[in-house]
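Data first, discussion second: the structure below is written as structure tokens.
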Amino acid sequence: MSDKGLSESENDFKVIGTRPIRPDGIDKVTGRALYGADRYAPGMLVGKVLRSPYPHARIRAIDTTRAEALAGVKAIITKGDFGPVPASQKATLNNVMAQDKALFDGHAIAAVAAVDNSTALKALELIQVDYEILPHVTDVVAAMADDAPLVHDDNFTKGVEPKPKKPSNIAARLEFGHGDVEAGFGEASLIVEQEFATEAAHQGYIEPPACLATYSDDGSSELWCTTQGHFMVRDTCAALLGITVSKLRVTASEIGGGFGGKTAVYLEPLALALSRKSGRPVKMVMSRSEVFRAAGPTASSSMRVKIGVDKDGRITAADALLNYQSGAFPGFITMLGAMSAFACYNLENVRSVGHEVITNRPMQVSYRAPGAPISNFAVESVIDELARKLDMDPIEFRLKNAAREGDRSSYGPRYEQIGLEKTLETVRENPHYQAALPKGHGRGVAVGFWFNFGGLTAISLNINSDGTVTVSVGRPDIGGSRASMCLMAAEELGIPYENVRTIIADTSSLGYNDTTDGSRTTFSNGLAIIQAARQAKSIMCARAAKMWDLPEEAVEWVDGAVQPCGPNAGDFPAVSIAEIAGKAPQTGGPIAGHCEVNAEGAGVSFAAHIADVEVDEDTGRTTVHRYTVVQDAGKAIHPAYVEGQYQGGAAQGIGWALNEGYVYGDDGLMQNPGFLDYRIPVCSDLPMIDTEIIEIPNKGHPYGVRGVGETSIVPPLATIANAIRSATGVRVNQVPMAPPVVLKALEES
Amino acid sequence: MVKVVLWGGLRSKAKGQSELQIAASTIREMFLRLSEDFPDLEAELEHNVSVAVDGKVYRDALFVTIDDASEVVILPKLQGG
């Protein structure tokens, strides 16, 4: 069989790059799609969680006697219903069910399963918890103080030598960079150093965590849930409950938003434990208040950034101190913030130091490019100040210092082919950047970076008896990925998009798939689908060759059919995929392609954003009048969904920049756990977000794909800050830049 | 000998060194040699690192080949959102 090989030029594509209707669209607009709360089972109970009313308290005793006696209560669980668990899962267990202490407002203390909602709620009121209230800390700076209340009295900071002898709330110190930063600052003719702070933002998904668990008498169990990774849910729940992995089958529902927030378990282990104890199916759904209080936002931060330049505008040194508030347990977001902080620039002398700080807040969870928007806000604000002081165009300044292929990144590796320079050049020519600013408006720009990942991937591609194709993948579709999967299968097989259907298979149907995060799905699922399609084509070519009594190398696959090729192949009419599939029973049986791979070779991506804003100097309110995203997609498989990812990331970033933020009172309780007081942007808050797709292919993917889902949320915080600076002359160093914050900055200027 | 660069957090487990020369032809061999020379690194290499070879980042790929011309950087294990 001959093949066109791995490297296809853009001109070869027939369906890649088109914009067909999404296959899940009708179900979603008609209400037929089933989300986490949409499944029911005979005899189903309602599960509810008792949550801590204190940010920090020792749990001296839990008395469930009165609740258990209430008619209709079928099961109550506490920490004793779990474990023992491996060391690697202890924090996860502690987060979903408090162990010896309540560590944050909303921490789960117990859970109840009852015949209906009102009985379950009444039972929660009857559970008596004896708390010893402890001093708390929710602020990142306060938590780092020597005399701060300790969230965990056995936490010793990792990453410092010698190992500390005294516990603290600093979980880890991380350092990245190269060169001699002090020497670099010595070469600088201009240095800008500023401090910044950001508040925690929630992923803001509309569908709350929800699940239905059924634990059978024989130990096998089923779980239906809304998640970004049902294989992760399976393995985690199995570990927490001591279930054999093969006994637990998890099916992912449709998902009403995730954005990183559904990469952890919350209700799922509780529902399974309640079902195991009651012998009945148990359904659990979080309220919005529970979502905010207990289903992790991203980090808050306190930062200092210092950058020096020479007289020509070349950066000589860059240094960042990034203190990230990590919630009640250590995480990995600080690391990613520190690694990505200066990734847009080619720097000889660079250092970023991160401190991961534990507080009495919910465990931080990924939020779209976790950690990167935070450090980017600080770095790109200082870059903007430098360009102003140098009297340089901000795009020209960035182009002068931009990372290019072969440059050593600030986090270590040298870059392969990347698209930052092209992105910046495109911004420079973009009509938005070229347009004159109306009086009173300000314009800001910023660039952003994200790593993008591949990972464990297993897919199955079946050729049906009529020549249509079913692709089974193991990652929930959170951004229209099914359409992209269908496009790549159709492209590779040379058949119409409409002839391919992609489904999300359950955990018993495929090998392990990493979670839908890290902007990996189109890259790694696509890579696997292309390989599986090539395997299926090879089988079909072999079948046709046998029917013609030809050697396999004397046939080729062209446009969804096998045809003879070469000088001695003879003159046979091509046979279509449908004809080969129809003959499959007689030629060897069902035809399929499979791919099980650890997909490596994900390509990093860069974006540049432009914003025009106007600030009401009486109220401090900022109005965004125009916004443009330019980003490298490698290759846009379905351009409409790529644009949607760009727009969605920008919209969420604008919300974070201007309004969204956790508010904690002196009592350590969250003051705004609802969408009335935690304000995400609605359509009327935003202009049309224009997009421009750059395509600098990723050599690690057959079609050149890079991840696109996360990079777009990285630049907006700084873009808006820089636009406010342009409009008012005032630098706002605090996110969210809500009206009171901006007004205060204006008054102090 | 392959040149291996360690990120800041690992240096303390490698007696303060940020660059090492290792005789290895795969990532697995590199991990074994590093663990022999610096036992404190072993647990980190087992669970917590990604490896960049000539700019391409691998999260879990023990059998990727490396040679004397390779530039290898050991990074924290990357996760996304």
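A few notes on this one:
- The set of residues in segment A:323-334 being touching a Leu at 6+ places or on another chain (Cβ under 9 Å) and either within 22 Å of A:P135 (Cα to Cα) or at pLDDT 95 or above (or both) consists of A:G327, A:A328, A:F329, A:T334.
- In the set A:M284, A:M303, only one residue is of a type in the set (A, V, I, L, M), within 25 Å of A:Y35 (Cβ to Cβ) and either in the same structural domain as A:L386 (by TED's automatic domain parsing) or touching a helix residue (DSSP H, G or I) at 6+ places or on another chain (Cβ under 8 Å) (or both); that residue is A:M284.
- Looking across segment A:235-290, just one residue is within 14 Å of another protein chain (Cβ to nearest Cβ) and among the charged types (D, E, K, R), and that is A:K262.
One line per residue, one yes/no per condition, for (1) in a helix (DSSP H, G or I); (2) surrounded by fewer than 24 Cβ atoms within 10 Å (Cβ to Cβ); (3) within 14 Å of chain B (Cβ to nearest Cβ):
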residue	(1), (2), (3)
A:T516	no, no, yes
A:T522	yes, no, yes
A:N525	yes, no, no
A:A528	yes, no, no
A:A533	yes, no, no
A:S538	yes, yes, no
A:L550	no, yes, no
A:E553	yes, yes, no
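- Test set (1) within 14 Å of chain B (Cβ to nearest Cβ); (2) assigned to a loop (DSSP other than H, G, I, E, B); (3) touching a Pro at 6+ places or on another chain (Cβ under 7 Å) - A:N155 fails condition number: (1)
- Extreme residue, surrounded by the fewest Cβ atoms within 10 Å (Cβ to Cβ), among residues of segment A:158-174 that are more than 31 Å from the chain's Cα centre (by Cα) and within 13 Å of chain B (Cβ to nearest Cβ): A:P162
- Matching strands (runs of 3 or more DSSP E) fully within segment A:577-650 where at least 2 residues are within 14 Å of chain B (Cβ to nearest Cβ) and not β-branched (V, I, T): A:591-599
- Selection from segment A:426-468 of residues that are more than 14 Å from chain B (Cβ to nearest Cβ), surrounded by fewer than 24 Cβ atoms within 10 Å (Cβ to Cβ) and of a type in the set (A, V, I, L, M, F, W, C): A:A435, A:A436, A:L437, A:A458
- Among the residues of segment A:86-105, those that are modelled with pLDDT of 95 or more, part of a loop (DSSP other than H, G, I, E, B) and surrounded by fewer than 23 Cβ atoms within 10 Å (Cβ to Cβ) comprise A:Q99, A:D100.
- Only one entry of A:I191, A:I206, A:I170, A:I243 meets the criterion of being touching a Phe, Trp or Tyr at 6+ places or on another chain (Cβ under 8 Å) and of a type in the set (V, I, T), and that entry is A:I191.
- The number of residues in segment A:402-425 being more than 14 Å from chain B (Cβ to nearest Cβ) and buried (at least 20 other Cβ atoms within 10 Å of the Cβ) comes to 5.
- Those residues of segment A:300-332 which are among the acidic types (D, E) and either away from chain B (no Cβ under 14 Å) or surrounded by fewer than 22 Cβ atoms within 10 Å (Cβ to Cβ) (or both), in sequence order: A:D310, A:D312
- Restricting segment A:333-344 to residues that are in contact (Cβ under 8 Å) with a residue 60 or more places away in the chain and part of a helix (DSSP H, G or I), the residue that is nearest to the other protein chains (Cβ to nearest Cβ) is A:M335.
- Count of residues meeting criterion [assigned to a strand (DSSP E or B) and either among the β-branched types (V, I, T) or more than 10 Å from chain A (Cβ to nearest Cβ) (or both)] in segment B:1-18: 4
- Residue list for segment A:708-734, restricted to those being in contact with a Lys or Arg (Cβ under 6 Å, 6 or more places away or on another chain) and within 14 Å of chain B (Cβ to nearest Cβ): A:E710, A:I713
- When residues of segment A:219-241 are limited to those that are without any contact (Cβ under 8 Å) to a residue 40 or more places away in the chain and over 22 Å from A:V365 (Cβ atoms), the one surrounded by the fewest Cβ atoms within 10 Å (Cβ to Cβ): A:G219
- Residues of segment B:23-81 that are surrounded by 15 or more Cβ atoms within 10 Å (Cβ to Cβ), free of Cβ contacts under 8 Å to residues at least 24 places away in the same chain, within 13 Å of another protein chain (Cβ to nearest Cβ) and among the aliphatic types (A, V, I, L, M): B:A52, B:V57.
- Candidates in segment A:126-145 are the residues that are in contact with a Lys or Arg (Cβ under 9 Å, 6 or more places away or on another chain) and not aliphatic (A, V, I, L, M); of these, the one that is surrounded by the most Cβ atoms within 10 Å (Cβ to Cβ) is A:T138.
- Taking helices (runs of 4 or more DSSP H) as the structural unit, those lying wholly within segment A:345-449 and holding at least 3 residues that are within 30 Å of A:A108 (Cα to Cα) correspond to A:372-390.
- Residue in segment A:366-375 that is among the polar types (S, T, N, Q), over 24 Å from A:I694 (Cβ atoms), in contact (Cβ under 8 Å) with a residue 24 or more places away in the chain and within 14 Å of chain B (Cβ to nearest Cβ) present: yes
- Residue count, segment A:176-207 (criterion: surrounded by fewer than 16 Cβ atoms within 10 Å (Cβ to Cβ) and within 13 Å of chain B (Cβ to nearest Cβ)): 1
- Condition check for A:E710: under 22 Å from the mean Cα position of the chain (by Cα) and farther than 15 Å from A:S519 by Cβ: no
- Condition check for A:S481: under 19 Å from the mean Cα position of the chain (by Cα), away from every other protein chain (no Cβ under 14 Å) and surrounded by 21 or more Cβ atoms within 10 Å (Cβ to Cβ): yes
- Identification of strands (runs of 3 or more DSSP E) wholly contained in segment A:171-281 with 2 or more residues that are touching a His at 6+ places or on another chain (Cβ under 7 Å) yields A:248-252.
- Some residue of segment A:662-680 being surrounded by fewer than 21 Cβ atoms within 10 Å (Cβ to Cβ), more than 14 Å from chain B (Cβ to nearest Cβ) and either outside any loop (DSSP other than H, G, I, E, B) or in contact with a Lys or Arg (Cβ under 6 Å, 6 or more places away or on another chain) (or both): yes
The values are calculated or read from the model by the stated rules, or taken from the named source; none is laboratory data. Since the structure is predicted, the reported quantities are computational estimates derived from the model, not experimental observations. All Cβ positions, even for glycine, are placed from backbone atoms using ideal geometry, and neighbour counts span all protein chains on display.
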